[in-house]
Amino acid sequence: MKKIMIILVLFLFLIGCEQINPNPEPTDPCIINPDDETCDQLPYDEDIDQQIQEFLFEMSLEEKVGQMVQAERSSVTPTDVSTYYIGSILSGGGSHPTAFNDSADVWYQMVYDYQYAAMNSGANIPLIYGTDAVHGHNNLYGATIFPHNIGLGAANDPELVYEISKATAKEMLTTGITWNFAPALSIVQNIGWGRSYEGYSENPEIFESLTQSAIKGYEENGVSATAKHYLADGATTNGIDQGDVNLSEQTLRDIYLLPYIEAIEAGVDTVMISYSSINGVKMHEQAYWIQDVLKDELGFEGFVVSDWNAIQQLSGSYQEQVAKSINAGVDMLMEPYTWRDAIEAIKTNVEANIISMDRINDAVSRIIRVKLESGLFDNPYAREDTAVLYSDEHQALAREAVRRGLVLLKNDNQSLPLEKNESIYLTGTASDHVGYMSGGWTTYWQGNTSADIGVGTSIKNAITNVLNENSGQIVNNINDAQTVVVVLSELPYSEGVGDNQILTLTGGNADPNNLNALNIAQQAHQNGKNVVGILISGRPLLLGDYLQYFDSFVAAWLPGSEGGLGIADVIFGDYDFTGKLSYTWPKSIAYVGYNSNREDYDENLVQFPYGYGLTYA
């Protein structure tokens with residue numbers, strides 16, 4: 001009877017939803033009027049375990065199985081959602097409702113339509129919509145683009161990380177999206193890995209500092225977080241994306257499990273499994289690590305989601321792949337385009353007693369628990385005002401994050417700070433390119449290669465603004481310059497596309513125009529100019545013999561939309577450098593993978609050690 005009452009309440013509300021209210025009111029009467037004496041009769045105010053049991057009792061197998069799949073928006077319609085009782089939808093990297101520059105209103109309309117269908121299906125369970133907002137709401141054109149995690153690791157400020165997660169959550173909610181596939185808890189051991197910039201550090205101590213702040217910043221502000229990618233995704237041999245980890249269980253526990261303990265203590269809602277393997281066995285079928293350790297030993301109560309098509313890397317038929325992953329403890333299958341096949345495979349496995357109903361009920365109960373505790377049942381159409389998008393407050397926060405993460409590697413002869421009335425010659429593609437400053441996972445999966453991405457200020461524009469206000473100037477002839485600023489960069493990349501065992505300034509993923517910029521640096525140095533180097537990259541790169549041509553050199557990482565302003569703030573001396581290397585900077589390719597987790601770590605063997613960073617003081 002109680003379930004019927006709440007369905008009736010939602011049905012009557014939804015009948016009137018012909019037009020979208022951009023700021024819809026909560027649908028739960030007890031949220032609207034918590035003093036109502038009937039509130040204690042509504043299921044949403046009962047003990048959460050009892051609510052879950054009521055749902056499980058009333059749901060059919062089809063309704064339960066539907067909750068266990070996640071489809072990509074391009075392959076599913078609102079009608080599909082209500083027909084198949086879909087539990088989740090995602091927008092993959094670069095997946096937009098209609099076009100890359102869709103507004104937040106267009107995004108919200110799409111999410112609303114899916115949610116409306118879910119709330120009018122037989123199960124009446126809201127869906128949870130996910131996306132990779134890994135440095136701001138980066139799929140959304142016009143959102144603030146914060147520095148990637150490698151820069152936040154160099155800043156190592158828990159309060160700053162919390163505020164960035166909070167700001168990202170608010171910008172996500174302008175589109176109605178309430179689940180973020182972040183933060184990455186990748187303890188990166190080999191910077192050749194194409195996802196190095198998604199990890200805060202090579203050392204677990206920085207994760208102890210930042211993990212809980214990142215998660216709470218999302219979840220205390222209306223967005224479910226994801227601890228990913230479980231387990232030891234940053235420890236694959238030679239830094240190969242989706243590769244194999246050959247380590248003892250004790251090492252895995254001592255180093256790589258630590259951030260997940262922090263995440264669980266912070267109350268993280270979801271955990272995403274890694275594509276990679278441990279000692280030859282894919283993580284998506286590792287029942288010991290998922291069920292025995294994560295759920296039973298560590299007490300994780302949220303739900304476990306697979307990565308994009310990752311179960312299809314397991315051996316056997318598709319039906320066997322589905323069974324292996326679910327029986328290992330995966331609760332929701334991210335099967336973007338084959339979600340119908342996943343539904344049929346789960347049902348077939350249940351009917352054949354290969355997957356037990358207990359396992360199904362455990363998975364569904366975890367998914368419903370997250371939806372209940374995150375507030376989706378209370379307000380499935382939640383939305384933040386679009387005024388928060390790229391607001392002055394968020395721009396200032398991103399600018400501060402840039403300043404805090406910059407690492408000064410060299411500063412001979414007081415090369416920095418620069419005088420604001422100088423004549424400066426500026427070179428390098430990335431000097432006038434917000435897309436390169438933002439890196440992968442910006443507008444598109446592999447990043448936005450446009451100089452103008454709709455938001456942000458380039459290094460050139462930021463420096464020009466400072467000079468113009470102080471009688472300085474950007475000059476077009478290097479002979480007229482007192483200082484030459486050389487901006488080097490990598491091209492944008494993500495995941496395995498960025499795997500690179502060359503890692504030089506002129507090879508691998510480096511911008512091909514770096515060579516010309518380095519030649520200019522050498523010429524300027526020989527002519528007695530003050531030469532300043534700024535490196536825009538997702539990891540340390542081998543500097544080789546080129547460092548000698550620079551009087552000062554700055555690691556700026558992938559600073560995002562406010563990179564130009566944040567860099568200008570520091571190189572002109574309005575702020576001091578405070579960033580410290582969260583990754584070892586190797587001297588040569590032979591020492592890539594040599595880092596601070598080694599008991600025999602010798603700072604003399606590297607270019608710059610973990611924790612290094614100069615200041616003006």
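The values are calculated or read from the model by the stated rules, or taken from the named source; none is laboratory data. Quick caveat, the model's predicted, so the values are computed rather than measured. Cβ atoms come from the backbone with ideal geometry, glycine included; neighbour counts cover every protein chain shown.
Side notes on the structure shown:
The rows are residues; the columns are (1) of a type in the set (D, E, K, R); (2) in a strand (DSSP E or B); (3) modelled with pLDDT of 95 or more; (4) in the same structural domain as Asn361 (by TED's automatic domain parsing).
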{"residue": "Asp254", "(1), (2), (3), (4)": "yes, no, yes, yes"}
{"residue": "Tyr260", "(1), (2), (3), (4)": "no, no, yes, yes"}
{"residue": "Val271", "(1), (2), (3), (4)": "no, yes, yes, yes"}
{"residue": "His284", "(1), (2), (3), (4)": "no, no, yes, yes"}
{"residue": "Gln291", "(1), (2), (3), (4)": "no, no, yes, yes"}
{"residue": "Leu294", "(1), (2), (3), (4)": "no, no, yes, yes"}
{"residue": "Asp307", "(1), (2), (3), (4)": "yes, no, yes, yes"}
{"residue": "Gln319", "(1), (2), (3), (4)": "no, no, yes, yes"}
{"residue": "Ala323", "(1), (2), (3), (4)": "no, no, yes, yes"}
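- Residue in the stretch 429-438 that is acidic (Asp, Glu), over 22 Å from the mean Cα position of the chain (by Cα) and at pLDDT 95 or above present: yes
- Among the residues of the stretch 570-589, those that are under 14 Å from Leu406 (Cβ atoms) and part of a helix (DSSP H, G or I) comprise Val570, Ile571.
- Scanning the stretch 162-193 for residues that are in a loop (DSSP other than H, G, I, E, B), over 14 Å from the mean Cα position of the chain (by Cα) and over 19 Å from Gln115 (Cα atoms) yields Val188, Gln189, Asn190, Ile191, Gly192, Trp193.
- Just so you know, in the stretch 470-497 the residues that are within 21 Å of Gln607 (Cβ to Cβ) and touching a residue at least 60 places away in the same chain (Cβ under 8 Å) include one that is surrounded by the most Cβ atoms within 10 Å (Cβ to Cβ), and it is Leu488.
- Long-range neighbours under 8 Å by Cβ, at least six apart or interchain, first residue of a type in the set (D, E, K, R) within the stretch 102-121, second modelled with pLDDT under 95: Asp105/Pro22
- Count of the stretch 304-352 residues which are among the hydroxyl-bearing types (Ser, Thr, Tyr) and in contact with an Asp or Glu (Cβ under 9 Å, 6 or more places away or on another chain): 5
- Residue count for the stretch 368-420, restricted to those that are out of contact with any strand residue (DSSP E or B) (no Cβ under 9 Å at 6 or more places or on another chain), of a type in the set (Lys, Arg) and under 25 Å from Pro126 (Cα atoms): 1
- Scanning the stretch 460-468 turns up no residue that is buried (at least 20 other Cβ atoms within 10 Å of the Cβ), touching a residue at least 40 places away in the same chain (Cβ under 8 Å), over 24 Å from Thr615 (Cα atoms) and not acidic (Asp, Glu).
- Residue in the stretch 62-85 that is surrounded by fewer than 22 Cβ atoms within 10 Å (Cβ to Cβ), part of a loop (DSSP other than H, G, I, E, B) and not β-branched (Val, Ile, Thr) present: no
- Any chance Leu505 is assigned by TED's automatic domain parsing to the domain that holds Tyr425 and farther than 13 Å from Ser489 by Cβ: no
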